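In what follows, a structure is listed as C-alpha cells, so that the remarks can point back to it.
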Amino acid sequence: MTLGQNIQAARKNRGMSQEALAEQVGVSRQALGKWEKDAALPGVDNLQALAGALGVRMTDASGQLWTDVRALDERP
C-alpha cells in the first residue's frame, strides 16, 4: 500500500471524514485529499500529527506511515 492508501484506510477505519482529520492535523481538507491520492507528501510534522490523530505509529526514519489495516478491520 502507498502512504496515501494507508492514510485513507486508517481514516475510514476510524470513521473519520477528510474534513475531521484535516482539522485535527491542522491542514486543509484539500491538502489531506492530495496526500490520500499520493499527489503530495506530508512533511514530518504533519506525519506526526496524522499518526497521533489516527492512533498509528511512524515506523522508520523516512517518515513512512504504516498501519495494520487488517487489525483495524477485525476490531468489533
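The values are calculated or read from the model by the stated rules, or taken from the named source; none is laboratory data. What you are looking at is a predicted structure, and each value in this text was computed from that prediction instead of being measured. Backbone-built Cβ (ideal geometry, glycine too); neighbour counts: all protein chains shown.
Pick from segment 28-41 the residues that are of a type in the set (A, V, I, L, M, F, W, C) and within 17 Å of VAL56 (Cβ to Cβ): which of them is modelled with the lowest pLDDT? Filtering first and then ranking leaves LEU41. Entry remark, segment 8-19: residues being assigned to a helix (DSSP H, G or I) and more than 12 Å from the chain's Cα centre (by Cα) number 1 in total. Scanning segment 53-76 for residues that are assigned to a helix (DSSP H, G or I) and at pLDDT below 90 yields LEU54, VAL69, ARG70, ALA71, LEU72, ASP73.
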